[in-house]
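What follows draws every value from the coordinates through simple rules; no lab data is involved. In this text, all values refer to a predicted model and were calculated from it rather than measured experimentally. A quick note on method: Cβ atoms are made from the backbone with ideal geometry, for glycine too, and the neighbour counts reach across all protein chains shown.
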Amino acid sequence: MGILDLVTLIVENLARRKGRVALTAVGVIIGTAAVVLLVSLGVGLQQNAADQLGGIGDLTKIQVYPTYGEFDPNTGQPIGGTMLTDQTIADIGALPGVTAVIPQDYFQGYAQIKLDRLEGGSQMLGVGTNDLGQLGVKAQQGSLELKRGTAVVGAMVSQSFYDPRLRPGQDPPPPPDLYDKQLVLNLVKYTPDGQEVRKTVRLKVGGVLAEARDEPDWSIYIPLDELTGYNTWVTGQRIDRNKVGYNNMIVRVADLDQVLDVTEQITNLGYQAYTPQSFVQGINGFYLILQIIFGGVGAIALLVAAIGIANTMAMAILERTREIGLMKAVGATNQHVLGVFLGESAGIGFLGGLGGVALGWGLGQVANVFVLSYLAGQSAETGAPPPTVAVSTPLWLPIFALIFATIIGLISGLYPALSAATLSPIKALKYE
Amino acid sequence: MSFITITNLRKSYQMGRETVHALAGVSLNIEANSFWAVMGPSGSGKSTLMYLLGGLDRPSSGQIQVGQQAIESLDENALAVYRRRTIGFIFQSFNLIASLSALDNVAFPLRFARVPRRQRHARAYELLVRVGLGDRIHHKPTELSGGQQQRVAVARALVNNPQLILADEPTGNLDTASGTAIMELLSDLHKSGRTVLVVTHDPRMTSYATHTVQLLDGRIVSETSRD
């Protein structure tokens, strides 16, 4: 018996009992549709989350910090721990995939910033590069280049300016435009006996960063060696990076796929390394679990459908016992009988899967129209960007669902088909 | 040498605690192109003999030699091939598939024999014409009389062109006229060169048969031949 003959016989047998096949397939349709719709919902939610997360920093950026050991209670000195030295820059720079290692340090004193009558204050950062573009930030005004005597300021720095002579009831002045302005910085330190010492520095703003919703928004960037000079003035000690280390480092990686790997290697070198990528991975993991749970709910519906198929096939074999006996009498082998009945139950699974994929996909499209129009109305009220998609069906899902439904059918028919194949032909022929 | 040699054939069933000997040592030589009527009361073992000969059941002991093959030693798949190539079965209750037309019922065995669809239908049509149902090929079994249904079954038994036709009470469900027609048909098959073995209660069958065997309690009590 050729495959084509077998398939034709199976199709004809199914067509003989359209009503019952359809009723049994409805169970599979519901189960498959549930799997397709729910998993599509999970995928859609994940895509939405990914869209929202797109605004979070630069995913190829790794923040590296030293590890801090415990403090010896007797001497007050740290024990253990690691430092970010020039050797660290070389070590991390040698890791495969690393394109830049940029040390950073913060100003350790207090800096009062003056612009005409206005006063402001922001953290001041020294970075070991003259191109801020390496940090993954973008300029909205001017350039990202850092030169001696210039600064690049974050988007929110101008918000910190206020008028110290503002009288009650007066409106505060609007935030100043800092680009190309000369800032006067009063660096303040206190001597051990409480004397205030001031030092005045002038910086020209060479660029203003675009809003990043991250630390750079509130920072004033200057070249690292300049900052080291100010810190030396504050502490009164020469700063040897091989003894005190850098505060932290920004590591850039060429490819997104390498980020987690490089992060792990930096951790193995004995430093603390953070990347938003691990956060994104965590989110993805959450949505994967969500999809599995959703898929599981659908799978339960499919399980119920599987019992339905098994029941229908068991009934069919009872009804067609004499037919099975006849098949054997006219020369069908046990394998032929097995193939016919397995094929019929797999066929019910396949038909149900086909219907379920269509139904699940269709419901998803309908849900998209209604949910999106509702959410668009919601976000118009709150001002948040509307979600682009509610239910998203990836191509693999209908293919997987169809194969899965067919296999469910096949497995459900296994026991009835085996009992049909091993039926004694004489008993089958005499069955009333 | 005979076409079929049955030697000391036994078949026992376990019925509860009792062992029933359906066949208790039957030996028979059947020449090719002969017509055998196997007769006897209910429970005499005549159907058992037919099923063992047709490879639908296995003997408890003894040998069945058909042509060159020792039937009792064939495995399941070889038995299926033996039934397909060598045997044509006719049953008392016809065993037609209700949802198939006469044509499809006759062609049904060819599905398992790797015969192309077009050839299957041509062969089935030819046989239906031969049994006198050329104008009924698209009728379902329920639209045919008992005699017509049995003729469809005869055509089906012939579709694989078997050497041996085995019929189990083929006239048992039919009126006298229809039964006679079936007997004529079986006689024609015999005359066209096939070996026919009919299990029957109907004494009219003996007038068509070349050999008649009487069974009682699983043993042959008389064997007559009419040459």
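What's the local net charge at B:Glu143, with K and R +1, D and E -1, over the other residues with C-beta under 13 Å away?
Once all neighbours under 13 Å are counted, the net charge is +1.
What size of dipole, in debye to the nearest 20, comes out for segment B:147-227 about its Cα centre when the only charges are +1 on Lys and Arg C-beta atoms and -1 on Asp and Glu C-beta atoms?
220
Which shape class applies to segment A:145-262: rounded if a/c is under 1.5, otherwise prolate when a/b exceeds b/c and oblate if not, where a ≥ b ≥ c are the square roots of the Cα gyration tensor eigenvalues?
Since a/c reaches 1.5 but b/c is at least a/b, the shape of segment A:145-262 is classed as oblate.
Roughly speaking, what is the stretch gain from A:Tyr162 to A:Val26, that is 0.36 nm per residue apart minus the C-alpha to C-alpha distance, in nm to one decimal?
So the chain would gain 42.0 nm between A:Tyr162 and A:Val26.
Which whole-angstrom value gives the distance between the alpha carbon centres of segment B:47-87 and segment B:155-170?
Measuring centre to centre over Cα atoms gives 15 Å.
Packing-wise, with mean Cβ within 10 Å as the measure, how do A:107-117, A:214-224 rank, highest first?
Per-residue mean Cβ counts within 10 Å order the peptides as A:214-224, A:107-117.
Provide the FRET efficiency to the nearest 0.05 for the A:Asp255-A:Thr235 pair, computing r from the beta carbons and using R0 = 35 Å.
Here the calculated transfer efficiency is 0.30.
Pull up the DSSP beta bridges for segment B:4-225 and report the antiparallel fraction as a percent, rounded to 5.
60
Please identify, among A:Tyr271, A:Tyr68, A:Tyr287, the residue showing maximal mean-square fluctuation in a Gaussian network model of chain A using a 10 angstrom Cα cutoff.
Highest fluctuation of the listed residues: A:Tyr68.
Using r as the Cβ-Cβ distance of A:Asn311 and B:Arg114, and R0 as 30 Å, what FRET efficiency do you calculate, to the nearest 0.05?
Efficiency at R0 = 30 Å is approximately 0.35.
If a/c stays under 1.5 just call it rounded; otherwise compare a/b with b/c (prolate if a/b is bigger, oblate if not). Do that for segment A:61-274, with a ≥ b ≥ c from the square roots of the Cα gyration tensor eigenvalues.
Taking the square roots of the gyration eigenvalues as a ≥ b ≥ c, segment A:61-274 is oblate.
Can you say what percent of the DSSP beta bridges in segment A:61-274, counting only those with both residues inside, are antiparallel? Round to 5.
85
How far apart, in nanometres, would the label points at A:Tyr65 and A:Ser424 be if each is projected 7 angstrom from Cα along the Cα-to-Cβ direction?
8.0
I'd like the FRET efficiency for A:Gln365 and A:Tyr106, computed as 1/(1 + (r/R0)^6) with the beta carbon distance as r and R0 of 45 Å, rounded to 0.05.
The value I calculate is 0.30.
Rounded to the nearest 500 deg cm²/dmol, what is the calculated helix-only ellipticity per residue at 222 nm for chain B, with -39500 (n - 2.57) per DSSP H run of length n ≥ 4?
-9000 deg cm²/dmol
Can you give the calculated 222 nm mean residue ellipticity of chain A, where each DSSP H run of n ≥ 4 adds -39,500 (n - 2.57) and the sum is split over every residue, rounded to the nearest 500 deg cm²/dmol?
Roughly -17000 deg cm²/dmol at 222 nm, from the helical runs in chain A.
Could you work out the mean count of beta carbons from other protein chains within 10 Å of each residue's beta carbon in B:69-80?
Across the residues of B:69-80, the mean count of other-chain Cβ atoms within 10 Å is 2.
Hey, if you put +1 on the Cβ of every Lys and Arg and -1 on every Asp and Glu Cβ in chain A, which of A:Ala94, A:Gly236, A:Thr82 ends up farthest toward the positive end of that dipole?
Among A:Ala94, A:Gly236, A:Thr82, the one farthest towards the positive end of the dipole of chain A is A:Ala94.
Suppose the chain between B:Asp175 and B:Arg226 were pulled fully straight at 0.36 nm per residue; how much longer would it get relative to their current alpha carbon spacing?
15.7 nm
Put a dot 7 Å past each Cα toward the Cβ at A:Ser373 and A:Arg198; how far apart are the dots in nm?
The two pseudo-label positions are separated by 6.5 nm.
Could you list the residues of segment B:1-22 with an amide nitrogen less than 19 Å from a label point located 7 Å from the Cα of B:Asn29 in the Cα-to-C-beta direction?
So the set is B:1-9.
Can you pull the three principal axis extents for the Cα set of the protein assembly as shown, in Å, largest first?
Principal extents (Cα only, largest first): 143, 56, 44 Å.
Using the crude model of +1 on Lys and Arg Cβ and -1 on Asp and Glu Cβ, and no other charge, please compute the dipole size for chain B relative to its Cα centre, in debye to 20.
720
Across all directions of projection, what mean area in square nanometres is found for the Cα convex hull of chain B?
With every direction weighted equally, the projected area is 12.8 nm².
Hey, can you rank A:306-317, B:69-80, B:98-109 by average C-beta count inside 10 Å, highest first?
Going by the mean number of other Cβ atoms within 10 Å, highest first, we get B:98-109, A:306-317, B:69-80.
How do the peptides B:138-148, B:154-164 rank, highest first, by the average count of neighbouring beta carbon atoms within 10 Å per residue?
B:154-164, B:138-148
Projecting each Cα onto the charge dipole of segment A:108-194 (Lys/Arg +1, Asp/Glu -1 at the beta carbon, about the Cα centre), which of A:Ser122, A:Val188, A:Met156 comes out farthest on the positive side?
With unit charges placed on the Cβ atoms, the residue in question is A:Val188.
Within the set of other residues whose C-beta is less than 13 Å from the C-beta of A:Asn186, count the net charge using Lys and Arg as +1 and Asp and Glu as -1.
+3
Could you identify which residue out of A:Gln281, A:Gln272, A:Gln170 has the top mean-square fluctuation in a GNM of chain A using Cα springs shorter than 10 Å?
Looking only at A:Gln281, A:Gln272, A:Gln170, the biggest GNM fluctuation is shown by A:Gln170.
State the antiparallel share, in %, of DSSP beta bridges confined to the protein assembly as shown, rounding to the nearest 5.
Antiparallel bridges make up about 70 percent of those DSSP assigns within the protein assembly as shown.
Count of lysine pairs in chain A with Cα atoms under 20 Å apart, counting only pairs 8 or more residues apart in sequence or on different chains?
Close lysine pairs found across chain A: 15.
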